[in-house]
Amino acid sequence: YTDTDVRWVLHKAGAFILAVDEAFQNYLGRYGHQETRVRDLLRPLAWALGAGLPWTNVWAELASALSDREYTDTDVRWVLHKAGAFILEALEEGRSVYRLFHQAAADHIRKGDADRESEIHGWFTKVLRESVLTLDGNDQPDWLTAHPYVRRHLSEHAAKCQRLGSLMADPMYILAADPGRLLIAAANTGARVPLDLLAVYKDAVHHIRGECAGTAASYLESIARQRGLSDFADRVAALPLRRAWRVLWARWSRRVPNQSFGQHEQLITVLSATGLGPDQLRRAR
């Protein structure tokens, strides 16, 4: 193949994208005076991540927030009936989630929102947080009972609107959040996560992955005290979790931030090390 072939495929692909976009425009135009209603109700699905968005306490609330028009569960049922061809229902840990049937449909609906992406992720962060039940006796979210979408994807939405730092200050949240996605979101240069708090999380993450919440909380408190984050450690200690042990205080040599990437049971026979320059270190953070 030559550059001529590359130009040919780019031309054909571009024409296809334009044709698909026009097709969606024409199809949505068939709803007449209800087109705005359909677009408003599909917009949250267009910005959803992963397998799809939960309905209860999320879908209608996001449609209202993103459009500045009032929508309820009745409208959600209406759009599922009238525009169900656009929507797929799936299961995430046995609970229903909804997404648009094709990425091209999401791209078409999101096209007019490019200049308000941070605002949209801000609304996702707010609505998802408010969808979580609160702990008995206070108004703190009970993240451990949150919908799987919240535990998996809230960190990604929060990072894109620079609100992840305040979320990570809540120890119950970082015990409940999906560790892999939270670490990736925290590495986002715009996430603005305190480095000392991130270091504590990186040290504790393998316990969070492998232990029950109560035991993981004990390790989280221990590591926070070792690193001198007493206020955060006190918040961990105050969590209403059943714990076999806790750490009242710790005197520990200061450690360089590090992270474990995995483990295995075989004998280690070769070891090598490498150095990172200043630019590589900044990218790694």
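The values are calculated or read from the model by the stated rules, or taken from the named source; none is laboratory data. Keep in mind that this is a model prediction, so the values were computed, not measured. Glycine also receives a Cβ, built like all others from the backbone with ideal geometry; neighbour counts cover every protein chain displayed. For the accessible areas, the whole protein counts, side chains as well, though only heavy atoms, and no ligand, DNA or RNA atoms are used. Shrake-Rupley method; radii C 1.70, N 1.55, O 1.52, S 1.80 Å.
Per-structure values
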{"read-out": "Count - residues of the range 111-139 that are touching a residue at least 60 places away in the same chain (Cβ under 8 Å), in a helix (DSSP H, G or I) and open to solvent by 70 Å² or more (accessible area, probe 1.4 Å)", "value": "4"}
{"read-out": "Subset of the range 140-151 [closer than 20 Å to ALA217 by Cβ and in a helix (DSSP H, G or I)]", "value": "TRP143, LEU144, THR145, VAL150, ARG151"}
{"read-out": "Complete set of residues in the range 183-207 that are in contact with a Leu (Cβ under 8 Å, 6 or more places away or on another chain) and either over 13 Å from PHE232 (Cα atoms) or in contact (Cβ under 8 Å) with a residue 40 or more places away in the chain (or both)", "value": "ALA185, ALA186, ASN188, ALA191, ARG192, VAL193, LYS202, ALA204, VAL205, HIS207"}
{"read-out": "Residue within the range 221-239 that is surrounded by 14 or more Cβ atoms within 10 Å (Cβ to Cβ), touching a His at 6+ places or on another chain (Cβ under 6 Å) and modelled with pLDDT of 95 or more present", "value": "no"}
{"read-out": "Number of the exception - ALA185 against (1) small (Gly, Ala, Ser); (2) open to solvent by less than 20 Å² (accessible area, probe 1.4 Å); (3) over 21 Å from VAL58 (Cβ atoms)", "value": "(3)"}
{"read-out": "Subset of the range 157-173 (residues that are in a helix (DSSP H, G or I), open to solvent by 50 Å² or more (accessible area, probe 1.4 Å) and touching a residue at least 12 places away in the same chain (Cβ under 8 Å))", "value": "LYS160"}
{"read-out": "Of residues in the range 59-105 being part of a helix (DSSP H, G or I) and open to solvent by 90 Å² or more (accessible area, probe 1.4 Å), the one nearest to ALA48 (Cα to Cα)", "value": "GLN103"}
{"read-out": "Residue in the range 136-152 that is under 23 Å from VAL97 (Cα atoms), at pLDDT 95 or above and of a type in the set (S, T, N, Q) present", "value": "no"}
{"read-out": "Residue ID - farthest from LEU154 (Cα to Cα), chosen from residues in the range 182-225 that are assigned to a helix (DSSP H, G or I), among the charged types (D, E, K, R) and in contact with a Gly (Cβ under 9 Å, 6 or more places away or on another chain)", "value": "ASP196"}
{"read-out": "Hey, GLY210 on the phi > 0 side of the Ramachandran plot and either in contact (Cβ under 8 Å) with a residue 60 or more places away in the chain or of a type outside the set (Asp, Glu) (or both) or not", "value": "no"}
